[in-house]
Amino acid sequence: MRVCALRSLCAGLPFAHQLNKQACEAAHDDAHVVAAVVLFRHGARSPVFPMPAESLMPEDVCTYNTMNAVPAGAATVAVHGGRRYARFAPHGAPGLLTDVGWAQGVAVGRRLYARYGLPDDDGPEVRSTDISRTVLTARAVLTGLYEGKPVPNGLRIHVDTSPTMILDTTCTPLAETLIAGRAIHRESDVANGSARAAVAQSFGASYDPQICGLIAVHDDCIARRFAGLPPHAFVDVSLCDYASREAAREVRAALRHGDSLSAHLSAGPLCELLANRLSVFAASSPPNEAKGPVKLVLLSGHDTSLMMLLNALDPKGALVSDGVWPPHTSCIALELLDNGNIRVCYQWEPLLTMHLDGFVEKLRAIAGQPRIAVGVSSGAADGAVFRWSD
(Lines give C-alpha, C1' and ligand atoms only; values in the text may rest on other atoms or scores of the structure.)
Protein backbone atom coordinates (compact mmCIF):
# COMPACT_ATOMS: atom_id res chain seq x y z
CA MET A 1 0.00 0.00 0.00
CA ARG A 2 1.28 3.45 -0.88
CA VAL A 3 0.28 6.66 0.88
CA CYS A 4 -0.57 9.27 -1.70
CA ALA A 5 -1.76 12.83 -1.33
CA LEU A 6 -5.40 11.85 -1.93
CA ARG A 7 -7.48 14.21 0.15
CA SER A 8 -10.85 15.90 0.13
CA LEU A 9 -11.25 18.00 -3.00
CA CYS A 10 -12.92 21.37 -3.26
CA ALA A 11 -14.77 22.63 -6.29
CA GLY A 12 -13.47 25.43 -8.45
CA LEU A 13 -9.76 24.60 -8.37
CA PRO A 14 -8.76 26.29 -11.65
CA PHE A 15 -8.35 30.00 -11.12
CA ALA A 16 -6.17 31.30 -13.95
CA HIS A 17 -9.28 32.13 -15.98
CA GLN A 18 -10.59 34.37 -13.21
CA LEU A 19 -7.89 36.93 -13.85
CA ASN A 20 -7.29 39.60 -16.42
CA LYS A 21 -3.54 39.46 -16.91
CA GLN A 22 -3.07 42.90 -18.43
CA ALA A 23 -5.28 44.62 -15.89
CA CYS A 24 -3.48 42.90 -13.03
CA GLU A 25 -0.06 43.92 -14.29
CA ALA A 26 -1.12 47.53 -14.82
CA ALA A 27 -2.78 47.79 -11.41
CA HIS A 28 0.24 46.66 -9.43
CA ASP A 29 3.26 48.08 -11.21
CA ASP A 30 3.96 50.33 -8.20
CA ALA A 31 3.72 47.56 -5.59
CA HIS A 32 6.84 46.35 -3.78
CA VAL A 33 7.82 42.75 -3.06
CA VAL A 34 8.07 41.96 0.65
CA ALA A 35 8.50 38.18 0.38
CA ALA A 36 8.86 35.55 -2.35
CA VAL A 37 8.88 31.81 -2.85
CA VAL A 38 10.91 30.85 -5.92
CA LEU A 39 10.72 27.34 -7.37
CA PHE A 40 13.42 26.66 -9.96
CA ARG A 41 14.60 23.76 -12.07
CA HIS A 42 18.18 22.51 -11.77
CA GLY A 43 20.83 23.56 -14.26
CA ALA A 44 22.02 21.72 -17.37
CA ARG A 45 22.91 18.06 -16.85
CA SER A 46 24.06 14.97 -18.67
CA PRO A 47 21.20 13.02 -20.32
CA VAL A 48 19.11 10.56 -18.32
CA PHE A 49 17.61 8.55 -21.17
CA PRO A 50 20.20 6.66 -23.27
CA MET A 51 19.84 6.43 -27.01
CA PRO A 52 19.89 2.89 -28.49
CA ALA A 53 23.51 1.69 -28.57
CA GLU A 54 23.31 0.42 -32.14
CA SER A 55 22.36 3.91 -33.33
CA LEU A 56 25.51 5.54 -32.00
CA MET A 57 28.34 6.28 -34.38
CA PRO A 58 31.90 6.32 -32.93
CA GLU A 59 31.90 10.11 -33.08
CA ASP A 60 28.45 10.17 -31.48
CA VAL A 61 29.51 9.01 -28.01
CA CYS A 62 29.62 12.17 -25.88
CA THR A 63 31.54 12.95 -22.72
CA TYR A 64 29.94 15.49 -20.41
CA ASN A 65 31.88 17.65 -17.97
CA THR A 66 29.77 16.68 -14.98
CA MET A 67 30.10 17.52 -11.30
CA ASN A 68 29.63 15.66 -8.04
CA ALA A 69 31.25 18.30 -5.83
CA VAL A 70 31.13 22.08 -5.64
CA PRO A 71 33.90 24.07 -7.36
CA ALA A 72 36.33 26.39 -5.63
CA GLY A 73 34.77 29.70 -4.64
CA ALA A 74 31.31 28.27 -3.95
CA ALA A 75 29.31 29.77 -1.09
CA THR A 76 29.91 28.02 2.25
CA VAL A 77 26.61 26.29 2.95
CA ALA A 78 25.74 23.25 5.06
CA VAL A 79 23.54 20.51 3.60
CA HIS A 80 21.09 18.91 6.01
CA GLY A 81 19.19 15.65 5.49
CA GLY A 82 18.91 13.34 2.53
CA ARG A 83 21.11 10.52 1.34
CA ARG A 84 20.81 9.96 -2.37
CA TYR A 85 22.30 13.28 -3.44
CA ALA A 86 25.68 12.45 -1.84
CA ARG A 87 26.17 9.03 -3.44
CA PHE A 88 29.30 8.86 -5.53
CA ALA A 89 28.72 8.83 -9.28
CA PRO A 90 31.51 8.52 -11.87
CA HIS A 91 32.37 11.45 -14.07
CA GLY A 92 29.90 11.62 -16.95
CA ALA A 93 27.22 9.49 -15.26
CA PRO A 94 23.58 10.08 -16.29
CA GLY A 95 21.73 13.03 -14.83
CA LEU A 96 24.63 14.86 -13.22
CA LEU A 97 24.96 18.64 -13.21
CA THR A 98 27.47 19.97 -15.72
CA ASP A 99 29.78 22.95 -15.35
CA VAL A 100 27.36 24.86 -17.58
CA GLY A 101 24.52 23.89 -15.24
CA TRP A 102 26.48 25.27 -12.28
CA ALA A 103 27.05 28.55 -14.12
CA GLN A 104 23.32 28.73 -14.91
CA GLY A 105 22.54 28.38 -11.20
CA VAL A 106 24.99 31.15 -10.30
CA ALA A 107 23.28 33.37 -12.89
CA VAL A 108 19.90 32.73 -11.23
CA GLY A 109 21.38 33.79 -7.89
CA ARG A 110 22.59 37.05 -9.42
CA ARG A 111 19.10 37.59 -10.87
CA LEU A 112 17.58 37.05 -7.43
CA TYR A 113 19.91 39.65 -5.95
CA ALA A 114 19.10 42.14 -8.73
CA ARG A 115 15.36 41.62 -8.20
CA TYR A 116 15.11 41.29 -4.41
CA GLY A 117 18.42 42.41 -2.90
CA LEU A 118 19.91 40.46 -0.01
CA PRO A 119 17.47 38.59 2.25
CA ASP A 120 17.37 39.25 5.99
CA ASP A 121 20.32 38.37 8.24
CA ASP A 122 19.27 34.72 8.60
CA GLY A 123 19.32 34.24 4.85
CA PRO A 124 16.71 32.44 2.75
CA GLU A 125 15.05 29.14 3.54
CA VAL A 126 16.46 26.72 0.95
CA ARG A 127 15.00 23.31 0.13
CA SER A 128 16.08 20.78 -2.49
CA THR A 129 15.04 17.35 -3.65
CA ASP A 130 17.38 14.51 -2.73
CA ILE A 131 19.20 14.52 -6.07
CA SER A 132 22.79 15.62 -6.70
CA ARG A 133 21.93 18.05 -9.51
CA THR A 134 19.27 19.89 -7.49
CA VAL A 135 21.41 20.19 -4.36
CA LEU A 136 24.34 21.48 -6.41
CA THR A 137 22.08 23.92 -8.27
CA ALA A 138 20.80 25.28 -4.96
CA ARG A 139 24.41 25.78 -3.89
CA ALA A 140 25.16 27.54 -7.18
CA VAL A 141 22.15 29.85 -6.75
CA LEU A 142 23.32 30.82 -3.26
CA THR A 143 26.81 31.41 -4.66
CA GLY A 144 25.39 33.89 -7.15
CA LEU A 145 23.07 35.51 -4.59
CA TYR A 146 25.92 36.17 -2.15
CA GLU A 147 28.64 36.80 -4.72
CA GLY A 148 31.17 39.21 -3.18
CA LYS A 149 29.08 39.41 0.00
CA PRO A 150 29.28 37.60 3.37
CA VAL A 151 27.20 34.44 3.64
CA PRO A 152 25.05 34.26 6.80
CA ASN A 153 26.35 31.89 9.47
CA GLY A 154 24.29 28.72 9.64
CA LEU A 155 22.87 29.02 6.11
CA ARG A 156 21.93 25.54 4.94
CA ILE A 157 20.15 23.59 2.27
CA HIS A 158 17.43 21.31 3.62
CA VAL A 159 17.19 18.15 1.52
CA ASP A 160 13.56 17.04 1.28
CA THR A 161 13.13 13.27 0.98
CA SER A 162 9.34 13.51 0.60
CA PRO A 163 7.69 13.80 -2.86
CA THR A 164 6.73 17.44 -2.22
CA MET A 165 8.69 18.76 -5.22
CA ILE A 166 8.75 15.53 -7.24
CA LEU A 167 6.01 14.18 -9.49
CA ASP A 168 5.34 10.94 -7.61
CA THR A 169 4.88 8.52 -10.50
CA THR A 170 4.75 5.57 -8.07
CA CYS A 171 1.53 6.87 -6.47
CA THR A 172 -0.96 4.41 -7.95
CA PRO A 173 -3.99 6.67 -8.58
CA LEU A 174 -1.78 9.40 -10.05
CA ALA A 175 0.09 6.89 -12.22
CA GLU A 176 -3.18 5.49 -13.54
CA THR A 177 -4.38 8.99 -14.40
CA LEU A 178 -1.13 9.89 -16.17
CA ILE A 179 -1.05 6.63 -18.13
CA ALA A 180 -4.64 7.09 -19.29
CA GLY A 181 -4.14 10.76 -20.19
CA ARG A 182 -1.00 10.04 -22.20
CA ALA A 183 -2.65 7.19 -24.06
CA ILE A 184 -5.64 9.33 -25.02
CA HIS A 185 -3.37 12.16 -26.16
CA ARG A 186 -1.29 9.83 -28.32
CA GLU A 187 -4.35 8.30 -29.92
CA SER A 188 -6.09 11.59 -30.66
CA ASP A 189 -3.42 14.22 -31.22
CA VAL A 190 -2.24 14.55 -34.81
CA ALA A 191 0.94 16.49 -34.01
CA ASN A 192 1.99 13.94 -31.42
CA GLY A 193 1.58 11.09 -33.88
CA SER A 194 3.48 12.99 -36.56
CA ALA A 195 6.38 13.69 -34.20
CA ARG A 196 6.67 10.05 -33.17
CA ALA A 197 6.53 9.01 -36.82
CA ALA A 198 9.30 11.49 -37.65
CA VAL A 199 11.51 10.00 -34.90
CA ALA A 200 10.84 6.47 -36.17
CA GLN A 201 11.69 7.48 -39.73
CA SER A 202 14.92 9.18 -38.66
CA PHE A 203 16.19 6.26 -36.57
CA GLY A 204 15.18 3.65 -39.14
CA ALA A 205 16.20 0.11 -38.17
CA SER A 206 17.57 1.38 -34.83
CA TYR A 207 14.17 2.71 -33.75
CA ASP A 208 12.78 1.26 -30.52
CA PRO A 209 9.65 3.03 -29.21
CA GLN A 210 10.61 2.10 -25.61
CA ILE A 211 13.97 3.88 -25.99
CA CYS A 212 13.49 6.48 -28.72
CA GLY A 213 10.44 8.20 -27.28
CA LEU A 214 9.85 11.92 -27.61
CA ILE A 215 11.12 12.61 -24.09
CA ALA A 216 14.30 10.59 -24.68
CA VAL A 217 15.07 12.43 -27.91
CA HIS A 218 14.36 15.76 -26.21
CA ASP A 219 16.51 14.80 -23.21
CA ASP A 220 19.51 13.74 -25.29
CA CYS A 221 19.50 16.63 -27.75
CA ILE A 222 19.01 19.35 -25.10
CA ALA A 223 21.89 17.92 -23.05
CA ARG A 224 24.12 17.99 -26.14
CA ARG A 225 23.03 21.51 -27.03
CA PHE A 226 23.92 22.99 -23.63
CA ALA A 227 27.22 21.08 -23.51
CA GLY A 228 28.24 22.39 -26.93
CA LEU A 229 28.39 18.83 -28.30
CA PRO A 230 27.50 17.68 -31.83
CA PRO A 231 23.93 16.51 -32.43
CA HIS A 232 23.06 12.82 -32.44
CA ALA A 233 23.62 11.27 -35.86
CA PHE A 234 19.87 10.74 -36.33
CA VAL A 235 18.56 13.93 -34.69
CA ASP A 236 18.86 17.24 -36.52
CA VAL A 237 17.91 20.53 -34.89
CA SER A 238 14.38 20.53 -36.28
CA LEU A 239 13.67 17.02 -34.93
CA CYS A 240 15.10 18.05 -31.56
CA ASP A 241 12.75 21.04 -31.35
CA TYR A 242 9.81 18.99 -32.66
CA ALA A 243 10.36 16.28 -30.03
CA SER A 244 10.78 18.86 -27.25
CA ARG A 245 7.55 20.64 -28.12
CA GLU A 246 5.47 17.50 -28.45
CA ALA A 247 6.99 15.88 -25.35
CA ALA A 248 5.96 18.96 -23.34
CA ARG A 249 2.43 18.84 -24.79
CA GLU A 250 2.22 15.13 -23.98
CA VAL A 251 3.18 15.62 -20.33
CA ARG A 252 0.77 18.54 -19.90
CA ALA A 253 -2.01 16.46 -21.49
CA ALA A 254 -1.29 13.57 -19.14
CA LEU A 255 -1.42 15.89 -16.12
CA ARG A 256 -4.56 17.61 -17.35
CA HIS A 257 -6.46 14.36 -17.89
CA GLY A 258 -7.37 13.94 -14.23
CA ASP A 259 -8.57 17.54 -13.83
CA SER A 260 -8.71 18.52 -10.15
CA LEU A 261 -7.77 14.99 -9.03
CA SER A 262 -4.52 15.08 -11.00
CA ALA A 263 -3.69 18.57 -9.72
CA HIS A 264 -4.40 17.36 -6.19
CA LEU A 265 -2.32 14.17 -6.43
CA SER A 266 0.62 15.73 -8.26
CA ALA A 267 0.92 19.21 -6.76
CA GLY A 268 -1.07 18.92 -3.53
CA PRO A 269 1.91 18.66 -1.14
CA LEU A 270 3.74 21.46 -2.98
CA CYS A 271 0.65 23.71 -2.85
CA GLU A 272 0.36 23.02 0.87
CA LEU A 273 3.99 24.06 1.37
CA LEU A 274 3.45 27.24 -0.67
CA ALA A 275 0.26 28.14 1.19
CA ASN A 276 1.97 27.68 4.55
CA ARG A 277 4.97 29.80 3.65
CA LEU A 278 2.90 32.60 2.15
CA SER A 279 0.65 32.66 5.22
CA VAL A 280 3.67 32.97 7.52
CA PHE A 281 5.07 35.75 5.35
CA ALA A 282 1.77 37.61 5.44
CA ALA A 283 1.49 37.36 9.21
CA SER A 284 4.97 38.86 9.63
CA SER A 285 4.57 41.49 6.88
CA PRO A 286 1.27 43.39 7.25
CA PRO A 287 0.17 45.38 4.17
CA ASN A 288 1.71 48.85 3.77
CA GLU A 289 4.32 48.15 6.48
CA ALA A 290 7.67 49.89 6.09
CA LYS A 291 9.92 48.03 3.68
CA GLY A 292 12.68 45.76 5.00
CA PRO A 293 14.76 42.96 3.46
CA VAL A 294 12.74 40.62 1.25
CA LYS A 295 12.01 37.28 2.89
CA LEU A 296 12.94 34.42 0.55
CA VAL A 297 12.20 30.71 0.20
CA LEU A 298 14.17 28.96 -2.55
CA LEU A 299 13.01 25.56 -3.82
CA SER A 300 15.40 23.57 -6.04
CA GLY A 301 13.47 21.04 -8.09
CA HIS A 302 12.93 19.59 -11.52
CA ASP A 303 11.20 20.32 -14.82
CA THR A 304 8.24 18.23 -13.66
CA SER A 305 8.10 20.26 -10.42
CA LEU A 306 7.31 23.32 -12.51
CA MET A 307 4.99 21.40 -14.83
CA MET A 308 2.83 20.01 -12.05
CA LEU A 309 2.52 23.44 -10.42
CA LEU A 310 1.72 25.07 -13.78
CA ASN A 311 -0.95 22.43 -14.32
CA ALA A 312 -2.50 23.28 -10.97
CA LEU A 313 -2.36 27.06 -11.51
CA ASP A 314 -3.03 27.09 -15.28
CA PRO A 315 -4.81 23.82 -16.15
CA LYS A 316 -5.98 24.96 -19.58
CA GLY A 317 -2.60 26.28 -20.69
CA ALA A 318 -4.05 29.76 -21.09
CA LEU A 319 -1.04 31.55 -19.58
CA VAL A 320 1.91 29.27 -20.40
CA SER A 321 2.00 27.35 -23.67
CA ASP A 322 1.72 23.57 -23.39
CA GLY A 323 4.45 23.21 -26.00
CA VAL A 324 7.28 24.71 -23.93
CA TRP A 325 9.40 22.37 -21.83
CA PRO A 326 10.65 24.26 -18.74
CA PRO A 327 14.28 25.14 -19.55
CA HIS A 328 17.19 24.57 -17.20
CA THR A 329 16.97 26.90 -14.16
CA SER A 330 13.54 28.16 -15.23
CA CYS A 331 11.57 29.63 -12.32
CA ILE A 332 8.10 30.14 -10.93
CA ALA A 333 8.07 32.98 -8.39
CA LEU A 334 5.21 33.69 -5.97
CA GLU A 335 5.72 37.25 -4.78
CA LEU A 336 3.89 38.76 -1.81
CA LEU A 337 3.39 42.47 -2.49
CA ASP A 338 3.09 45.22 0.08
CA ASN A 339 -0.54 45.82 -0.90
CA GLY A 340 -1.57 42.31 0.20
CA ASN A 341 -1.63 40.75 -3.26
CA ILE A 342 0.27 37.79 -4.70
CA ARG A 343 1.97 38.07 -8.08
CA VAL A 344 2.85 34.83 -9.88
CA CYS A 345 5.67 35.00 -12.42
CA TYR A 346 6.99 32.36 -14.79
CA GLN A 347 10.46 33.09 -16.10
CA TRP A 348 10.05 36.44 -14.32
CA GLU A 349 7.11 37.44 -16.53
CA PRO A 350 3.87 38.11 -14.60
CA LEU A 351 1.18 35.48 -15.15
CA LEU A 352 -1.48 36.55 -12.67
CA THR A 353 -2.12 38.67 -9.61
CA MET A 354 -4.77 38.18 -6.95
CA HIS A 355 -5.34 38.91 -3.28
CA LEU A 356 -3.32 36.78 -0.89
CA ASP A 357 -6.34 35.36 0.93
CA GLY A 358 -7.97 34.13 -2.27
CA PHE A 359 -4.72 32.71 -3.62
CA VAL A 360 -3.93 30.81 -0.42
CA GLU A 361 -7.50 29.52 -0.32
CA LYS A 362 -7.07 28.10 -3.83
CA LEU A 363 -3.73 26.51 -2.93
CA ARG A 364 -5.31 24.86 0.10
CA ALA A 365 -8.20 23.65 -2.03
CA ILE A 366 -5.72 21.85 -4.28
CA ALA A 367 -3.86 20.46 -1.27
CA GLY A 368 -6.96 19.34 0.62
CA GLN A 369 -7.07 17.74 4.09
CA PRO A 370 -6.19 15.23 5.44
CA ARG A 371 -3.92 12.62 3.83
CA ILE A 372 -5.40 9.13 3.60
CA ALA A 373 -4.00 5.79 2.52
CA VAL A 374 -4.80 4.58 -0.96
CA GLY A 375 -4.64 0.88 -1.84
CA VAL A 376 -2.72 -0.39 -4.84
CA SER A 377 -4.57 -1.18 -8.03
CA SER A 378 -5.36 -4.78 -8.95
CA GLY A 379 -3.20 -6.66 -11.41
CA ALA A 380 0.19 -5.42 -10.22
CA ALA A 381 2.09 -6.25 -7.04
CA ASP A 382 3.04 -2.63 -6.42
CA GLY A 383 0.25 -0.91 -8.32
CA ALA A 384 0.52 1.16 -11.48
CA VAL A 385 3.75 3.07 -12.12
CA PHE A 386 4.02 5.80 -14.74
CA ARG A 387 7.25 5.46 -16.75
CA TRP A 388 8.53 8.38 -18.77
CA SER A 389 10.20 6.06 -21.28
CA ASP A 390 7.00 4.14 -22.15
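The values are calculated or read from the model by the stated rules, or taken from the named source; none is laboratory data. No experiment lies behind these values; they were computed from the predicted model shown. Glycine also receives a Cβ, built like all others from the backbone with ideal geometry; neighbour counts cover every protein chain displayed. Just so you know, the surface numbers come from the protein's heavy atoms only, side chains and all, with ligands and any DNA or RNA stripped out. Shrake-Rupley method; radii C 1.70, N 1.55, O 1.52, S 1.80 Å.
Residues whose amide H comes within less than 5 Å of that of residue 146, counting only those at least five positions distant or on another chain, are absent (H built at 1.01 Å from N in the peptide plane). Heavy atoms of the protein chains alone define the surface here; on that basis region 172-256 has 40 Å² accessible area per residue at 1.4 Å probe size.
Partner aspartates and glutamates whose Cα lies under 18 Å from the Cα of residue 316, excluding those fewer than 8 positions away in the same chain, are identified as 189, 246, 250, 259.
For region 27-163, what relative contact order do you get, as a whole percent, if you take Cα pairs closer than 8 Å and at least 6 residues apart? Numbers along the way, then the final one.
Details: 206 pairs, mean separation 46.2, N = 137.
For region 27-163, the relative contact order is 34 percent.
Applying the criteria of a DSSP loop state and at most 16 other Cβ atoms within 10 Å to the GluC sites (Glu not before Pro) of region 242-346 yields 289. In summary, the aspartates and glutamates within cross-link reach of residue 295, defined as a Cα separation below 13 angstrom excluding same-chain residues under 8 places away, comprise 120, 121, 122, 125, 335, 338. Restriction of the chymotrypsin sites (Phe, Trp or Tyr not before Pro) in region 91-150 to DSSP coil positions whose beta-carbon has at most 13 other beta-carbons within 10 angstrom yields no sites.
Can you pull the Rg over Rh of region 67-125, Cα-only, Kirkwood?
Details: Rg = 13.9 Å, Rh = 13.8 Å.
My calculation puts Rg/Rh at 1.01.
Look at the dipole of region 86-193 built from charges on Cβ: of 136, 123, 184, the Cα furthest out on the positive end belongs to 136.
At full extension, residue 190 and residue 318 could sit 44.0 nm farther apart than now, given 0.36 nm per residue minus the alpha carbon distance. Residue-wise HN-Hα couplings along region 160-171, as the Karplus relation 6.51 cos²θ - 1.76 cosθ + 1.60 with θ = phi - 60° gives them from phi, are 8, 8, 7, x, 4, 10, 10, 5, 7, 6, 8, 6 Hz; Gly and Pro carry x. Semi-axes of the equivalent ellipsoid for region 82-236, computed as √(5λ) from the eigenvalues of its C-alpha gyration tensor and ordered from largest down, come to 37, 21, 15 Å.
Taking every Cα-Cα distance in region 172-256 and sorting them into 10 Å bins from zero, the calculated P(r) comes out as 18, 48, 27, 7, 0 percent.
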